[in-house]
């Protein structure tokens, strides 16, 4: 990885530091860190790294949010997204935005060097365990089949969160009713916004209310 500049964005310091150390050990010469999506976005625009490795779930802005903004600006950085979740809709959204690499966090260390090499050469790298998503995407594109849209994109858990949002419940009330943590509710909200391409402070609530009869 001669003279490779990389930005690593993850809100977990141990993940950032561990990945940074691993890449430095394998030859990356300039590595910048960001602890949230907004910081990552501004650093990418300021420093123009060759590759940016972004966690999908981050405070401020998600990795997909960052990819969307950069795609709108035709920024040349090559993006690799890391995720803990096997979510087909988010996967497709990422590829639509021009993301070059998509890796499950559980496989990061074993796959990241191969991913970086392929991405740097102008190719793509998808974790092999997500091959079914890629095959389904390719089949749909080849057949011209209609892709799901709107609430159809959501998982059952995300649809439940959206339905409760439409009744004006708070995050805490939703977490209590569903028996999950606040963090899980926030993750669902971020995923819903990514899938439905919702932006702005009240866009999600407005969408939930306007589409309550479709959820």
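The values are calculated or read from the model by the stated rules, or taken from the named source; none is laboratory data. What you see is a predicted model, and the numbers here were worked out from it, not measured in a lab. Note: ideal-geometry Cβ built from the backbone for every residue, glycine included; neighbour counts use all protein chains shown.
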Check your understanding: Out of the residues in the stretch 158-185 that are assigned to a helix (DSSP H, G or I) and exposed (fewer than 15 other Cβ atoms within 10 Å of the Cβ), which is nearest to the chain's Cα centre (by Cα)?
Key -> 183
Check your understanding: Name the pairs whose Cβ atoms lie under 6 Å apart, with the first residue in the stretch 156-169 and free of Cβ contacts under 8 Å to residues at least 24 places away in the same chain, the second surrounded by 16 or more Cβ atoms within 10 Å (Cβ to Cβ) and in a helix (DSSP H, G or I), and 6 or more positions between them or separate chains?
Key -> 164/174
Study note, to complete from the structure: Residues in the stretch 21-44 that are assigned to a strand (DSSP E or B) and loosely packed, with under 14 Cβ neighbours inside 10 Å total 1
**Study point:** Filtered residues of the stretch 166-183 (kept if in contact with a helix residue (DSSP H, G or I) (Cβ under 7 Å, 6 or more places away or on another chain) and within 23 Å of residue 63 (Cβ to Cβ))
**Key:** 171, 181, 182
Point to revise | One residue from 109, 77, 119 being more than 14 Å from residue 41 (Cβ to Cβ) and in contact with a strand residue (DSSP E or B) (Cβ under 6 Å, 6 or more places away or on another chain) | key: 119
Check your understanding: Can you find a residue in the stretch 137-145 that is modelled with pLDDT under 90, over 23 Å from residue 212 (Cα atoms) and surrounded by 15 or more Cβ atoms within 10 Å (Cβ to Cβ)?
Key -> yes
Check your understanding: Which of the following residues is at pLDDT below 95 and under 20 Å from the mean Cα position of the chain (by Cα): 50, 24, 13?
Key -> 13
Review point. Of 67, 89, which residue is in a helix (DSSP H, G or I) and modelled with pLDDT of 90 or more?
Key: 67
Exercise for review: Being under 26 Å from residue 114 (Cβ atoms) and in a loop (DSSP other than H, G, I, E, B) is the filter here, so list the residues in the stretch 45-64 that pass it.
Suggested key: 48, 49, 50, 56, 57, 58, 62
Exercise for review: Report yes if residue 131 is part of a helix (DSSP H, G or I), modelled with pLDDT under 90, buried (at least 16 other Cβ atoms within 10 Å of the Cβ) and in the same structural domain as residue 82 (by TED's automatic domain parsing), otherwise no.
Suggested key: no
